[in-house]
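Remarks on the structure that follows.
The values are calculated or read from the model by the stated rules, or taken from the named source; none is laboratory data. Quick caveat: nothing in here was measured; it's all calculated off a predicted structure. Counting neighbours? That spans all protein chains shown, and the Cβs are built from the backbone with ideal geometry, glycine included. Just the protein is used for accessible areas: all its heavy atoms, side chains included, with ligands, DNA and RNA removed. Shrake-Rupley method; radii C 1.70, N 1.55, O 1.52, S 1.80 Å.
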Amino acid sequence: PVAAVSNGVDLSHFKPGKVPKEIYDKYGVPSDVPIVLYIGRVVPEKQVGLLVKAFKEARKKVPEAHLVVVGDGVDRVKLETAEKNDTHVHFLGRIVPPELYDMYRMGRVFATASEIETQGIVLIEAAASGLPLIAVDKGAVAEVCRNEENGYLCQPGSVEEISEAIVKILSDDKLRERFAAESVKIAH
């Protein structure tokens, strides 16, 4: 016999909503700009450095955007040091609930360049929080990030595709809102 087994994510905490101004202030992130969000481990296999490169390309067309990276790992210090002069890239470190729920609500889009997602729990949490998704078309990701339904699936290692996806979503409010609504449906 075959049975579906839940991924164990309590989605009741992950929902769209406003973020208190105090959270933005606490972490030094502006509250009035489009935020590209990454939450997860900051380790080589998660390709956060590639996401940073894609974000920098996207900023050529959406200069007001900021990248917020929530998480820790062996690559954090290296990436943070490399980006220390870029006021548009924020490494916030590890954040736990209940503030973590606000972090998801802070984003306008959730992006990852990881090629190793098996369940993509952060993608499910981001989708339930009402975020459009940008992810790499590998592993189980396509079950949560459905290309041109609630975001964009990009080819592994493609700075250009991830950058273009960021620009498309941040430059088109109607598209972003449609993707956001679809994300919530898919997550539940």
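Side notes on the structure shown:
- Among residues of region 142-185 being among the hydrophobic types (A, V, I, L, M, F, W, C) and assigned to a loop (DSSP other than H, G, I, E, B), the one that is surrounded by the fewest Cβ atoms within 10 Å (Cβ to Cβ) is 144.
- Cβ-Cβ under 9 Å pairs, at least 6 apart or on other chains, region 83-100 side free of Cβ contacts under 8 Å to residues at least 24 places away in the same chain, far side of a type in the set (Gly, Ala, Ser): 93/71
- Residues of region 84-107 satisfying the condition of being in contact with a helix residue (DSSP H, G or I) (Cβ under 6 Å, 6 or more places away or on another chain) and part of a loop (DSSP other than H, G, I, E, B): 95
- Set 70, 89, 77: member being touching a His at 6+ places or on another chain (Cβ under 8 Å) and among the aliphatic types (A, V, I, L, M): 89
- Residue check for residue 62: modelled with pLDDT of 95 or more, in contact with a Lys or Arg (Cβ under 7 Å, 6 or more places away or on another chain) and either in a helix (DSSP H, G or I) or not small (Gly, Ala, Ser) (or both): no
- Enumeration of residues in region 124-141 that are in contact with a helix residue (DSSP H, G or I) (Cβ under 7 Å, 6 or more places away or on another chain) and part of a strand (DSSP E or B): 133, 134, 135
- Filtering region 126-136 for residues that are open to solvent by 30 Å² or more (accessible area, probe 1.4 Å) and of a type outside the set (A, V, I, L, M, F, W, C) leaves an empty set.
- Within region 151-170, being more than 21 Å from residue 46 (Cβ to Cβ) and either charged (D, E, K, R) or in contact with a Pro (Cβ under 9 Å, 6 or more places away or on another chain) (or both) holds for 168, 170.
- Residues that are in a loop (DSSP other than H, G, I, E, B), under 15 Å from residue 100 (Cα atoms) and of a type outside the set (A, V, I, L, M) within region 28-47 comprise 40, 41, listed in sequence order.
- Residues being on the phi > 0 side of the Ramachandran plot and in contact with a Ser or Thr (Cβ under 6 Å, 6 or more places away or on another chain) - total across region 1-50: 1
- Selection of region 9-54 for residues being closer than 26 Å to residue 113 by Cα, open to solvent by 30 Å² or more (accessible area, probe 1.4 Å) and either among the charged types (D, E, K, R) or without any contact (Cβ under 8 Å) to a residue 12 or more places away in the chain (or both) yields 10, 15, 32, 41, 45, 53.
- Taken as a whole, the condition of being open to solvent by 20 Å² or more (accessible area, probe 1.4 Å), of a type in the set (Asp, Glu) and within 15 Å of residue 35 (Cα to Cα) does not apply to residue 72.
- Applying the condition of being in a loop (DSSP other than H, G, I, E, B) and open to solvent by less than 10 Å² (accessible area, probe 1.4 Å) to region 108-123 and asking which residue is nearest to residue 50 (Cα to Cα) yields 113.
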